[in-house]
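Notes follow once the structure below has been shown.
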Amino acid sequence: IYEVVVTPMWEDPQGVSVVVMIHNMTAVRRLEQMRKDFVANVSHELKTPITSIRGFSETLLDGAMSDQATSREFLQIIHDESIRLQRLVADLLDLSQLESKQMSIHPEWTQMKPLIDSVVKTMEEQAKNRKQKLSVQVDSFSAKVDVDGFRQILINLLSNAVAYTPDGGTITVTAKPINDGWELCVADSGIGIPKKDLDRIFERFYRVNKDRSRESGGTGLGLAIVKHLVELHRGDIYVDSKVSEGSKFRIVFPMEESSDR
Ligand code: ADP
């Protein structure tokens, strides 16, 4: 799509001189479309829990409250849906700050083993509930990371590993210095990701299976946030996955942000 703007500049006996500007609008239109899709997606994601909270609370107010078991069941749904809303709003805020480049990171030299152990600890309960084996193999080394940003990267990857791995599966976290930096891997023995979706899972709201993501409490924004945070650390993220066998997310952080200190 091209936009042509013709502006007459001056006139002399030879004719009229004009300035012709040709703008390539394809990128502009694409951005506009992406923005529209994003707003539509956000509205839809917000609407689903709000409709449910409203419906169940109205049914309670209309008389269902007299039955204790029903009240409990409905209140549980209202509670779960509020948590979903809260998570969605928190993720949206993070993502909008990351995308508008308002979020800056403050990398500092950090012992990676205690940091990774402390994040993994917060996920142990969830993995235990699913009878999953969660193991950590981390070398003793320091790296320059933004502690909060790194925590979020690892929490998002681990939450996905837990969510998309069947009961009894295994999840492994490894981190070690490599040639020109250091790497973090989160591998699972889960449902895997079809090849055709691999390129798209880092897009906001892209999910391989919407229902499954919702069931597990996903917002569809986790990996988009991870990708931004990894970029802020000048790292690269790779994913290797096989349907029904599992997935491995690997992040390589560069040398200048890390060392064996
Ligand atoms: P969600 O909140 O839906 O998990 P994410 O942005 O974290 O959103 O992930 C996007 C999609 O990528 C998920 O909906 C899921 O289909 C897929 N995905 C992410 N991590 C994994 C994994 N470890 N195993 C299988 N599929 C995954």
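Read the figures in this text as sums done on the coordinates, not as results from a lab. Since the model is a prediction, treat every value here as computed from it, not as a measurement. Reconstructed Cβ throughout: ideal geometry from the backbone, glycine too, with neighbour counts over all protein chains shown.
Mind listing which chymotrypsin sites (Phe, Trp or Tyr not before Pro) in segment 124-206 are in a DSSP loop and have 11 or fewer other Cβ atoms within 10 Å?
Of the chymotrypsin sites (Phe, Trp or Tyr not before Pro), not one in the loops of segment 124-206 has a Cβ with at most 11 other Cβ atoms within 10 Å.
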Please find the FRET efficiency linking E108 to S216, where r is the Cβ-Cβ separation and R0 is fixed at 25 Å, and quote it to the nearest 0.05. 0.15
Listed residues T122, T165, T59; largest mean-square fluctuation, Gaussian network over the chain with Cα springs below 10 Å, found at T59
Percent relative contact order of the chain, based on C-alpha pairs within less than 8 angstrom and at least six residues apart? 16 percent
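Assuming R0 = 41 Å, can you tell me the calculated FRET efficiency for the pair K47 and M9, based on Cβ-Cβ distance, to the nearest 0.05? Each step should come with its number before you reach the end.
On the way: r = 52 Å, r/R0 = 1.27.
In this case the efficiency is close to 0.20.
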Among the trypsin sites (Lys or Arg not before Pro) within segment 158-258, which fall in a DSSP loop and have no more than 15 other Cβ atoms within 10 Å of their own Cβ? R200, R234
If we count every other residue with Cβ under 11 angstrom of R29's Cβ, Lys/Arg +1 and Asp/Glu -1, where does the sum land? +1
Take the Cβ-Cβ distance between Q86 and K176 as r, set R0 to 41 Å, and report the resulting FRET efficiency rounded to the nearest 0.05. 0.70
Compute the Cα gyration tensor for the chain, then decide on rounded, prolate or oblate, letting a ≥ b ≥ c be the square roots of its eigenvalues: rounded whenever a/c is under 1.5, prolate when a/b is larger than b/c in the other cases, and oblate in all that remain. oblate
Compute the acute angle (0 to 90°) between the alpha-carbon long axis of helix 112-129 and the principal axis of greatest extent of the alpha-carbon atoms of the chain; round to the nearest 10°. 60 degrees
